[in-house]
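Here's the structure we're looking at; comments come further down.
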Amino acid sequence: MSSSVSVVNEGGVAIVTIDNPPVNALSFHVREPLMQALVALRDDASVAAIVIACAGRTFVAGADITEFGKPMQQPELRAIVAALEVIAKPTVAAIHGTALGGGLELVLGCHFRVADQGAKLGLPEVKLGILPGGGGTVRLPRLVGAVKALKMIVSGTPIGASAAHGAGLVDAVFEGDLTPHAVNFAREMARKGGPFTPVRDRDELLRGTDLASFDAEAADLAGKARGLEAPIACAQAVRNAVTLPFDEALAAERALFVKLVASDQSRAQRHLFFAEREAAKLPGKDVVKRRVARVGVIGAGTMGGGIAMAFANGGFPVTLLETSHEALQRGLATIEKNYAVSVTRGSLSEDAKRQRLAQFKGSTDYADLADCDLVVEAAFEDMAVKKEIFGKLDAVARPDAILATNTSYLDIDEIAASISRPQDVLGLHFFSPANVMKLLEIVRAEKTAPDALATVVDLAHRIGKVAVVVGVCHGFVGNRMLAARGSESEALLLEGATPRQIDEAFTDFGWPMGPFQMGDLAGLDIGWRNRKARGLTAVIADTLCEQGRFGQKTGRGFYLYEAGARAGVPDPEVEALIRDKAAQMGIVPRTIGAEEIIERTLYPLVNEGAKILEERIAARASDIDVVWVNGYGFPVGKGGPMFWAGLEGAARIIERLEHWYRQTGKDVFQPGPLLRRMAETGSWATDATG
Ligand code: 3H9
């Protein structure tokens, strides 16, 4: 047999083992020998039952995503599942780790599925902008019912072994070494004798489907799709499984799969899948990492509290430091309240809440940070304050401790230079709420030691963050680009657009919210304080802040908020204020369309991203995409600003920016060398990235 698929006959039970590290994807070099093995075993009289298992850390995690977009080599997964399904002897899948996508579709071709206690099963294709294309939408509903299958396929979220057992997807769950259990199970099934019904013929559950409630559920899910095609196609395919004969539903699934896999949305989502993994890679990966057992957090406000929770959730004991006993108690009380909300929502058990809270040690004494291996400073955004804190840390922290600042803008090189150990200093820029938001910008300062950097990249993954390493500049990658977007949004208001029009153009584009909704949510005072510190102004936003309109938290910002409401309503006062300011500046309002709004806010964003790449603040264009999708809600179906720029065409972006600069009386638009090169070559590759 091939090195990717091997077969042993253990007393009449054939064990087929797939071995394709790291995740046993169903690449061509697996599919071909797998098909040959199944055909041979079907006719082998010495074999009474077949077990399909995997070597390594997981069962098959899906089709090989790197093969998408290329001509598919035969045999395809569908043919393998069909060949498996006609075998008359019992076939048993032994699932450990994850059976995802094509991996789950493969096991749906077996008569039985047994799983290790820790196994997870799911069809996450929707997250790649496609739908299960190996019969998953047609077979899964036959085992778990149409509504359950709909939820699993449209969300893409895997379920654990015991839930899968309860749902009828798995026939038995075992502890310990799974293969011997699977072999015994298969032998027992063979002894009992058939006939063994393939999943395709098990339509008892489907017949009982209440189509009205199915459609209501599907409509609810479609409403959350925000312009993505895949969730809608997934729902349609599962509905087909209920309403069409098996083979017709299978053919319809195929047609949808072929269409989606070629779509820009799926290309964008596959780009992001690999981009997130790429962003985690540092040059010189053999660096020995430092040990991190305890984390210190300075500041128990919103940011510090969230950061402390993120580490506690990842299993780290945390020392939380505040300047006064009152501030510390307030911070700890907020943390406790946040966990209590999770318990009420059912996402955390009372026991887990107790365990997490037990991870916290509060203090007002810097000496208590002496046993921390990493300290994250999350104090006031002020250079003098930061330097004072780092000076105190320098005096008490252990010699190899990593000293991080959560600054959003400040010069980390300057902070590092103010203490005796600049090699241990770096930035950990969390996004609010830090215990929820996935993104972590890890800022490498000029003198940051490679082992300190490698340690925090690893740590970021251990606490479930998507990490991107960036360089020092004002605002790093995300906030620097955000500033480019913000100044144009404000200009559009003055020229005649309303906050609602701009926000709607954004949500129609696929953003979860527009810039003004986001500003109101985050608090307008944050940007105001930052602008004042830098001597900058934003006529409308500054005036709103002067009036005490900080956004949702004060009930008034760009919008008006009823008590406790999260959605704002347009405020005629704000619209009048905008018109007044425009009149004072001699601007005559005009009608502004959605296309102009998108071009004038997002093309400058791309332009700033190109400059960031040129300056090597980001190592790869795809790192910028990861930042924007995970930290700012750039639509996944567009792949992030730099990927989207490729779809738009850099030549068009340059041409339109030239146009808008002329129209709005700015200097002539000067594209940087990288944006220009992108227009010529269609690639963001810099000299550094090749
Ligand atoms: C599908 O099945 C379509 C079918 O319905 C239809 C077919 C007709 N292919 O994530 P990690 C690589 S669509 C190729 O860091 P972890 C990954 O890039 C598929 N490569 O590990 C990385 O490479 P590198 C549906 C893959 O332990 C390395 O493996 N399935 C694939 O943190 C390690 O990955 C999915 O969407 C793949 N399918 O997490 C599941 N998967 O080292 C996608 C991974 O060079 N995979 N790689 O950077 C996952 O969710 C996670 O990888 C998994 C492991 C949970 C399995």
Check whether at least one residue in the stretch 74-85 is under 28 Å from residue 195 (Cα atoms), within 14 Å of the ligand (Cβ to nearest atom), among the acidic types (Asp, Glu) and in a loop (DSSP other than H, G, I, E, B), and report yes or no. yes
Out of everything in the stretch 310-325 that is touching a helix residue (DSSP H, G or I) at 6+ places or on another chain (Cβ under 7 Å) and free of Cβ contacts under 8 Å to residues at least 60 places away in the same chain, what residue ends up being nearest to residue 438 (Cα to Cα)? 312
Within the stretch 259-277, residues being away from the ligand (no atom under 11 Å from the Cβ), of a type in the set (A, V, I, L, M, F, W, C) and surrounded by fewer than 19 Cβ atoms within 10 Å (Cβ to Cβ) number 1
When the stretch 358-372 is checked residue by residue, the ones that are within 28 Å of the chain's Cα centre (by Cα) and polar (S, T, N, Q) are 359
Let me spell it out: the conditions are (1) buried (at least 18 other Cβ atoms within 10 Å of the Cβ); (2) near the ligand (Cβ under 10 Å from one of its atoms), and residue 54 meets all of them except one. Which number is the exception? (2)
What are the pairs, 6+ residues apart or on separate chains, where a residue within the stretch 102-113 that is more than 16 Å from residue 172 (Cβ to Cβ) has its Cβ under 7 Å from a residue that is open to solvent by 10 Å² or more (accessible area, probe 1.4 Å) and in a strand (DSSP E or B)? 102/63
State whether the residues of the stretch 86-99 include one that is within 14 Å of the ligand (Cβ to nearest atom) and closer than 21 Å to residue 231 by Cα. yes
When the stretch 223-258 is examined, which residues are found to be free of Cβ contacts under 8 Å to residues at least 12 places away in the same chain and open to solvent by less than 70 Å² (accessible area, probe 1.4 Å)? 223, 225, 244, 251, 255
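Here is a yes/no grid of residues against (1) of a type outside the set (Gly, Ala, Ser); (2) touching a Gly at 6+ places or on another chain (Cβ under 8 Å); (3) outside the structural domain of residue 100 (by TED's automatic domain parsing):
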position: 22; (1), (2), (3): yes, yes, no
position: 29; (1), (2), (3): yes, no, no
position: 55; (1), (2), (3): no, no, no
position: 66; (1), (2), (3): yes, no, no
With the requirement that a residue be out of contact with any Leu (no Cβ under 8 Å at 6 or more places or on another chain) and open to solvent by less than 10 Å² (accessible area, probe 1.4 Å), what does the stretch 606-621 give you? 609, 612, 618
From the residues in the stretch 390-408 that are out of contact with any helix residue (DSSP H, G or I) (no Cβ under 6 Å at 6 or more places or on another chain) and assigned to a helix (DSSP H, G or I), which one is least open to solvent (accessible area, probe 1.4 Å)? 393
Subset tally (residues that are within 16 Å of the ligand (Cβ to nearest atom) and either crowded, with 19+ Cβ neighbours inside 10 Å or closer than 22 Å to residue 400 by Cα (or both)) for the stretch 455-486: 12
Out of (1) more than 22 Å from residue 184 (Cα to Cα); (2) more than 16 Å from the ligand (Cβ to nearest atom); (3) in contact (Cβ under 8 Å) with a residue 60 or more places away in the chain, the odd one out for residue 63 is which? (2)
Do the conditions hold for residue 258, that is, is it more than 25 Å from the chain's Cα centre (by Cα) and of a type in the set (Val, Ile, Thr)? no
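Rundown of residues vs (1) within 12 Å of the ligand (Cβ to nearest atom); (2) assigned by TED's automatic domain parsing to the domain that holds residue 211, yes/no style:
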site: 236; (1), (2): no, yes
site: 245; (1), (2): no, yes
site: 248; (1), (2): no, yes
site: 251; (1), (2): no, yes
site: 257; (1), (2): yes, yes
site: 279; (1), (2): yes, no
site: 282; (1), (2): no, no
Being in the same structural domain as residue 316 (by TED's automatic domain parsing), open to solvent by 50 Å² or more (accessible area, probe 1.4 Å), modelled with pLDDT under 95 and within 31 Å of the chain's Cα centre (by Cα) is the requirement here; does residue 431 meet it? no
Among the residues of the stretch 154-185, count how many are of a type in the set (Gly, Ala, Ser), closer than 14 Å to residue 114 by Cβ and open to solvent by 10 Å² or more (accessible area, probe 1.4 Å). 4
From 476, 431, residue being more than 30 Å from residue 569 (Cα to Cα) and touching a strand residue (DSSP E or B) at 6+ places or on another chain (Cβ under 6 Å): 476
Of the listed residues (151, 127, 120), the one being without any contact (Cβ under 8 Å) to a residue 60 or more places away in the chain and either out of contact with any His (no Cβ under 7 Å at 6 or more places or on another chain) or crowded, with 24+ Cβ neighbours inside 10 Å (or both) is 120
Here's a check for you: in the stretch 300-343, which residue that is more than 27 Å from the chain's Cα centre (by Cα) and within 22 Å of residue 465 (Cα to Cα) is surrounded by the fewest Cβ atoms within 10 Å (Cβ to Cβ)? 319
In the stretch 16-37, anything more than 16 Å from the ligand (Cβ to nearest atom) and surrounded by 20 or more Cβ atoms within 10 Å (Cβ to Cβ) is listed as 16, 17, 37
I'm told residue 375 meets every condition in (1) in a helix (DSSP H, G or I); (2) under 32 Å from the mean Cα position of the chain (by Cα) except one. Can you identify the failing condition by its number? (1)
Residues to consider are 186, 149; find the one that is within 16 Å of the ligand (Cβ to nearest atom), in contact with a Pro (Cβ under 8 Å, 6 or more places away or on another chain), in a helix (DSSP H, G or I) and in the same structural domain as residue 249 (by TED's automatic domain parsing). 149
Would you say residue 327 is in a loop (DSSP other than H, G, I, E, B) and at pLDDT 95 or above? no
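The values are calculated or read from the model by the stated rules, or taken from the named source; none is laboratory data. Since the structure is predicted, the reported quantities are computational estimates derived from the model, not experimental observations. Cβ coordinates were reconstructed from backbone atoms using ideal geometry, including for glycine residues, and neighbour counts include every protein chain displayed. Heavy atoms of the whole protein, side chains included, go into the accessibility calculation; ligands, DNA and RNA do not. Shrake-Rupley method; radii C 1.70, N 1.55, O 1.52, S 1.80 Å.
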